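Taking it in order: structure first as structure tokens, then the write-up.
The values are calculated or read from the model by the stated rules, or taken from the named source; none is laboratory data. Because the structure is a prediction, the values reported are computed rather than measured. Glycine gets a Cβ as well: all are built from the backbone with ideal geometry, and neighbour counts include every protein chain shown.
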Amino acid sequence: MRNHFQKTSFLLALLALTTLAPIAAPAAGGPPSEEPSYLYKTTFVRAAPGKLLELIDLYKNRMASYQAMGDEPPFWWRHTQGDQWDLMLLFPMGSYGEYYSADRIARRKKAAEASPSSTAEFARKLNACSSWKEDVFVWGPSLETVKKAFTGTAYYHIEICLALPGKQAELYKEREMENAYSVATGRPATMIFVRDQGAAWDLYTLGCYRDLKHWATSTEMTKDERDQAAQRAGFKNSDEIGPYLRTLIDMHRDTMGVAIK
């Protein structure tokens, strides 16, 4: 009940944004971001010194176990520069009721009984080859949308934000506005994930790209064209996008990375 209330309160706060100043108005002409209605667990892991490849192999060997337990395996990638962690894993859950249903729990128990040492051994090895872990449960796009985003992609960019007090819903709207601007200027939109519980982060956006060039490429436009695209998205002009974001956040971290082969 508590988690349902949190989600409902957040969505009601988004509706309240229609009364804000024009800069935070809904993006005009841009594709709306998909409502955050599917639950995921996000795990960030930093490898112990010299243990990154061992950590990656550990999770690779674990993937089949998730399916045996009736769970979707996580989407994952490794960072190349940015934050302190080495791996991001995005575990599909659907909802708390679905993930912790009696049938799913029974299937996990059955899988554990078939290989009684696997779960304990995985935990022991994970502790040995990692030095820091962080979890945050988030509402995000549908599983089908995330699967499609990860298909055929090999480069990733995440922006993780901690909002200023009372600015969570306005920050979400700003992220939607940036997506509208990105599409208008020839760049892909990102997926938006909103915190439910866990680590302090309020939301993050995740972009999935074919490669570094795909991430960096945009349509050549004049300053006037970029300004017009920004105004249609709800910003004053293209130069104000970054400064406006910084009026909403207490902390902001970027991380880029690549697919794990």
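Does Arg187 fit the bill of being crowded, with 18+ Cβ neighbours inside 10 Å, closer than 20 Å to Gly82 by Cβ, modelled with pLDDT under 95 and out of contact with any His (no Cβ under 8 Å at 6 or more places or on another chain)?
yes
Selection within segment 153-166: residues that are assigned to a loop (DSSP other than H, G, I, E, B) and in contact with a strand residue (DSSP E or B) (Cβ under 9 Å, 6 or more places away or on another chain). The member of this set that is nearest to Arg78 (Cα to Cα) is Ala154. When segment 80-131 is filtered for residues that are exposed (fewer than 15 other Cβ atoms within 10 Å of the Cβ) and among the hydrophobic types (A, V, I, L, M, F, W, C), the ones remaining, listed by number, are Ala102, Ile105, Ala106, Ala114, Ala120, Ala123, Ala128.
The set of residues from segment 49-102 being among the β-branched types (Val, Ile, Thr) and part of a helix (DSSP H, G or I) comprises just one member, Ile56. Can you name every residue in segment 73-106 that is under 16 Å from Arg62 (Cα atoms) and not aromatic (Phe, Trp, Tyr)? Once the filter is applied, which keeps residues that are under 16 Å from Arg62 (Cα atoms) and not aromatic (Phe, Trp, Tyr), segment 73-106 yields Pro73, Pro74, Leu87, Met88, Leu89, Leu90, Pro92. Taking the criterion of being under 14 Å from the mean Cα position of the chain (by Cα) and not acidic (Asp, Glu), would at least one residue in segment 211-219 satisfy it? No, segment 211-219 contains no residue that is under 14 Å from the mean Cα position of the chain (by Cα) and not acidic (Asp, Glu).
Quick check on my filter: what residues within segment 172-186 are out of contact with any helix residue (DSSP H, G or I) (no Cβ under 8 Å at 6 or more places or on another chain) and closer than 17 Å to Asp202 by Cα? Correct list: Arg175, Glu176.
Whether any residue in segment 210-227 is crowded, with 16+ Cβ neighbours inside 10 Å, modelled with pLDDT of 95 or more and part of a loop (DSSP other than H, G, I, E, B) is what I want to check. Checked against the condition, which is being crowded, with 16+ Cβ neighbours inside 10 Å, modelled with pLDDT of 95 or more and part of a loop (DSSP other than H, G, I, E, B), segment 210-227 yields no hits at all.
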